[in-house]
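Asks: Just dropping this structure here.
No value in this document is a laboratory result; all are computed from the given coordinates. Values in this document were obtained by computation on a predicted structure and should not be read as measured data. Neighbour counts run over all protein chains shown; Cβ positions are idealised from the backbone, glycine included.
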Ligand code: NAD
Ligand code: WQD
């Protein structure tokens, strides 16, 4: 298939682009580089062993989006593009609603005009709101912050569009906590500023960019008191997209929802200790107050994806830490070193 990957220069998009190429698909990337750097493209091309067409523009620009669809005949779209920082979304809700909903409107309008019927959408465990433990896809969706609401709303918008045109095939993939990096250590997660998320923060402590990890609370109702999450290796997540895309070519369902997670929970301290094993020494940490809005426990029930996609996670938490550490060591300042 010829696939448009929106946000293909980003963390999850870049790893997925590579697996799509390896699975024999033709890939075209669109990204405005608002949260990624052009340097990733050269690295991707080196790994893919081929040129990758990239269109650097904002999907909110409907004319440019239209022109792209008019000049390339796509079979499917994988839509990663979006803003994703929970805290920032509370500060700048309008930016989040405008960017995340607007980019989806622009893409889906162009798809409809040009007869592109398959879309894989990046959703999130955040749509389960405060009810994220052992989540199955039939749970009610709601959110606790503007970022989360953009995902709930985009899911609903896509469902409504699919009711109006039953020839469409949409996959809503609800990711749990993506971490890790490509085994080469040449592409990985590259947060700008102070990382919001646990794994990149630990990696920056390990490489000496941060003094210590702040553990946000150790008085949760969990085995060691720290928050429990379902970490999924970005390579397993990327494989889930390839499987979902292939499933869309044969399903009768207009909208398919799949959780992408391992089904296992890991605490903050367990992840820290796994990272210490990868690095070979202890890492400094301090327990501080809980972070507002955090849930105690989040993990997927991935049975539906296991059954319907023939997909499951294959990489352990130790693999996730080893691969993150290789990326961080080789690129202490991310793509700024490129
Ligand atoms: P990322 O920020 O690394 O990648 C997103 C990419 O989209 C960036 O390269 C950015 O420049 C681009 N982009 C944003 N708005 C755009 C626009 N209007 N036009 C063109 N390009 C635009 O994020 P990621 O971690 O790779 O996440 C990808 C998707 O998965 C996002 O939709 C995110 O909400 C979702 N998601 C991420 C996580 C996670 O923890 N990383 C978890 C669940 C869901
Ligand atoms: C994991 C655990 C923290 C940082 C977020 C979004 C979610 C999804 C994935 C997009 C929690 C603790 C963290 C630190 C810590 N994104 N922690 N010290 O919050 O589960 O999910 O990213 O859809 O929507 O909310 O991930 O990595 O931020 O936190 O103790 O410096 O680590 O309290 O228990 P989270 P995270």
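Asks: Given the Cα-Cα distance of residue 67 and residue 50 and 0.36 nm per residue of separation, how much length would full extension add, in nm?
Replies: Numbers: separation 17, 0.36 × 17 = 6.12 nm, distance 2.43 nm.
Extra length available between residue 67 and residue 50 comes to 3.7 nm.
Asks: Could you give me the percent of Cα pairs per 5 Å distance bin for region 182-325, shortest bin first, beginning at zero and ending with the bin that holds the maximum distance?
Replies: It works out to 2, 9, 17, 19, 18, 15, 10, 6, 3, 1, 0, in whole percents.
Asks: Report Rg(Cα)/(2.2 N^0.38 Å) for region 59-213, keeping two decimals.
Replies: Working: Rg = 17.6 Å, N = 155, 2.2 N^0.38 = 15.0 Å.
Normalised Cα radius of gyration, region 59-213: 1.18.
Asks: Sticking with this one: Based on Cα coordinates alone, diagonalise the gyration tensor for the chain, multiply each eigenvalue by 5, take square roots, and list the semi-axes in whole Å, largest first. Numbers along the way, then the final one.
Replies: Details: eigenvalues 192, 104, 69 Å².
Semi-axes (√(5λ), whole Å): 31, 23, 19.
Asks: Next question, about the same structure. Within the P(r) computed for region 134-264, what percentage of the Cα pairs occupies the region above 18 Å? Show your work: numbers first, answer last.
Replies: Working: 5798 of 8515 pairs.
So the portion of pairs separated by more than 18 Å is 68 percent.
Asks: Same structure, new question: What fraction, in whole percent, of alpha-carbon pairs in region 57-122 exceed 13 Å separation? Provide the component values of the computation, followed by the final result.
Replies: Numbers: 1352 of 2145 pairs.
Result for the distance tail: 63 percent.
Asks: Sort largest first and round to whole Å: the equivalent ellipsoid semi-axes of region 150-214, each the square root of five times a Cα gyration tensor eigenvalue. Spell out each step's value before the answer.
Replies: Values: eigenvalues 280, 42, 14 Å².
So the equivalent ellipsoid measures 37, 14, 8 Å along its semi-axes.
Asks: Sticking with this structure for a sec: Find how much the distance from residue 75 to residue 33 grows on full extension, using 0.36 nm per residue of separation minus their present alpha carbon separation; answer in nm with one decimal. Don't jump to the answer; show the numbers that get you there.
Replies: Details: separation 42, 0.36 × 42 = 15.12 nm, distance 2.40 nm.
Residue separation times 0.36 nm, minus the Cα-Cα distance, leaves 12.7 nm.
Asks: Evaluate the distance, in nm, between pseudo-label points positioned 7 Å from the Cα of residue 165 and of residue 249 along their respective Cα→Cβ axes.
Replies: Rounded to a tenth, the inter-label distance reads 2.1 nm.
Asks: If you take all C-alpha pairs in region 118-189, what percent of them are over 13 Å apart?
Replies: Details: 1775 of 2556 pairs.
For region 118-189, the share of Cα pairs beyond 13 Å comes to 69 percent.
Asks: Considering every pair of different Cα atoms, what Kirkwood radius, in Å, is found for region 1-59?
Replies: 11.1
Asks: Stokes-Einstein diffusion coefficient for region 78-165 at 37 °C in a medium of 0.692 mPa s, Rh from the Kirkwood formula over Cα pairs: what value in µm²/s? Write out the running numbers ahead of the final one.
Replies: Details: Rh = 13.7 Å.
It diffuses with D of about 240 µm²/s by this estimate.
Asks: Which value in nm describes the separation of the simple spin-label points at residue 219 and residue 133, placed 7 Å from the Cα toward the beta carbon?
Replies: Result for the modelled spin labels: 1.9 nm.
Asks: Work out, in µm²/s and without decimals, the Stokes-Einstein translational diffusion coefficient of region 214-281 at 4 °C, 1.567 mPa s, Rh from Kirkwood over C-alpha pairs. List each step's numbers first, then the result.
Replies: Values: Rh = 14.7 Å.
Once the numbers are plugged in, D ends up at 88 µm²/s.
Asks: Still on this structure, I have one more. Against the 2.2 N^0.38 Å scaling, with N counting residues, where does region 1-125 land? I'd like the Cα-based Rg ratio to two decimal places.
Replies: Numbers: Rg = 14.1 Å, N = 125, 2.2 N^0.38 = 13.8 Å.
Taking N as the residue count of region 1-125, the ratio is 1.02.
Asks: In nm, what is the difference between 0.36 nm times the number of residues separating residue 26 and residue 98 and their Cα-Cα distance? Let's see the in-between values first.
Replies: Details: separation 72, 0.36 × 72 = 25.92 nm, distance 2.97 nm.
That works out to 22.9 nm of additional length.
Asks: Then there's this: Send over the per residue convex hull volume for region 251-338, Cα only, as a whole number of Å³.
Replies: Spread over its residues, the Cα hull of region 251-338 gives 185 Å³ apiece.
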